[in-house]
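Throughout, read-outs are computed from the coordinates displayed, never taken from laboratory work. Since this is a predicted model, take the numbers as computed values, not measurements. In this analysis, Cβ positions are derived from the backbone assuming ideal geometry, glycine residues included, and neighbour counts consider all displayed protein chains.
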Amino acid sequence: MESKLSDESGHSRLPGALSGGHFGAPAGLDRELLQMARDGKLAGLRSTRRDLVQDWLDTGLTAEETCKRLSAYNRSVIQAVLEAHAQEYPWLRQCTFLEFGSGGRDEQVIGSDQDNGLLMGVDPDPDDLDDVAQSIVVALDGAGIPLCDGGVMVSNEAWRGSFDTWLARLTGWLSNPAEKGAWQSGLILDFKGVFGPQDEVTRLRTRLWEYVRTKPIALSLLIGELTDYKLPLTFYGAFITERTGPWHGHINIKNSVLAHLTNSARILALKYNLAPHNTCDRIRAIAQAGHVTAGHGGRLLDAWECLQRKRLDIGLACDAEGVPPHNYVDPSQLDAAERARLKAAIQAVEKLVRLVQAGAGL
């Protein structure tokens with residue numbers, strides 16, 4: 001397939017089945033969106049995505065619900081792109097397009113990039129596979145789902161393979177620190193099938209989670225990734241910000257706070273085989289099971305809402321300016337209430353990290 005799916009002729013109107021409240025797992029693929037994918041007219045979805053997020057927040061939706069709706073919207077775009085390619089290459093229907101990371105947790109924000117893989121049910125011609133995989137990621141980039149700087153995409157051979165290949169690859173990454181980066185463990189443990197057969201996805205997730213729960217080294221490595229966590233607050237409550245560089249005076253709320261909340265909640269969900277894949281739903285399940293107190297669980301939900309809402313606001317502002325989104329906050333630019341809420345969020349996450357590191361509830 002030629003890369004015509006990435007040609008940008010623009011289309012700003014939201015397809016009919018995606019307007020209103022249809023943001024659960026789609027019962028069927030929207031025909032208008034599919035036609036846009038066939039014709040390479042997905043570029044206008046960038047502005048649609050921004051307008052949707054702004055409307056949702058303006059009408060009072062929480063950051064949690066907004067992120068879930070945005071993730072569902074992005075999945076609908078992915079499904080249209082995959083279906084358009086599968087009509088020319090039918091063997092794609094025997095493969096499963098996997099979505100990792102924030103997409104796998106329904107926690108995407110404006111600017112969330114691609115983290116995807118392909119679970120192969122067939123062995124197509126290698127040249128066809130390379131061409132189609134490249135065309136898919138370029139089309140998604142044109143639709144406003146950016147390319148992954150780390151190469152976690154189906155265009156990368158390391159993110160394609162059979163069930164056995166995927167199981168060996170993921171367990172290898174989880175058990176050997178020399179074979180993975182710290183970012184990979186969290187990424188590879190949260191995934192879902194977006195297009196194609198689902199049975200093997202469920203089996204892969206079950207096998208992978210069982211591996212982590214039954215292998216002390218795998219769980220210890222996950223907990224070990226929290227050891228570098230440093231509270232971005234002094235003992236006296238002053239923010240610790242970047243000292244040099246373009247973000248001098250700022251805090252990276254994703255890397256320094258939110259990622260540790262996500263990782264800690266995942267570790268507890270893994271240990272206790274709690275079903276939810278979304279961080280907020282995991283926190284609720286963890287609190288309900290008694291692994292954190294109800295009060296602490298509530299503060300963690302407030303923390304997630306505070307941090308993710310700020311990321312949504314930053315994404316909207318950056319998109320309006322035509323610049324890439326970021327995750328940096330300047331505490332000096334926050335009002336007193338915002339500063340207090342950010343401090344409370346950091347402190348709630350710090351407490352959870354310390355509990356997990358100490359083995360409480362494990």
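Label separation (R203 vs R31): 3.6 nm, computed from points 7 Å beyond Cα along the C-beta direction. Here the Gaussian network model covers the chain, with springs between Cα atoms less than 10 Å apart; of S175, S102, S220, S220 fluctuates the most.
Rounded to the nearest whole Hz, the Karplus-based 3J(HN,Hα) values (6.51 cos²θ - 1.76 cosθ + 1.60, θ = phi - 60°) of region 323-335 follow the sequence 10, x, x, 9, 10, 9, 10, 9, x, 5, 8, 8, 7, with x at glycine and proline. With neighbour counts taken as other beta-carbon atoms within 10 Å, the residues D123, D39 rank, fewest first, as D123, D39. A Gaussian network model of the chain, with springs between Cα atoms under 10 Å, assigns the largest mean-square fluctuation among D115, D128, D319 to D128.
The phi-based Karplus calculation (6.51 cos²θ - 1.76 cosθ + 1.60; θ = phi - 60°) puts the 3J(HN,Hα) values of region 208-220 at 5, 5, 5, 4, 5, 5, 9, 10, x, 5, 5, 5, 5 Hz, whole numbers, x for Gly and Pro.
Taking the chain as a Gaussian network of alpha-carbon nodes connected by springs under 10 Å, the highest mean-square fluctuation of the residues A320, A344, A218 belongs to A320.
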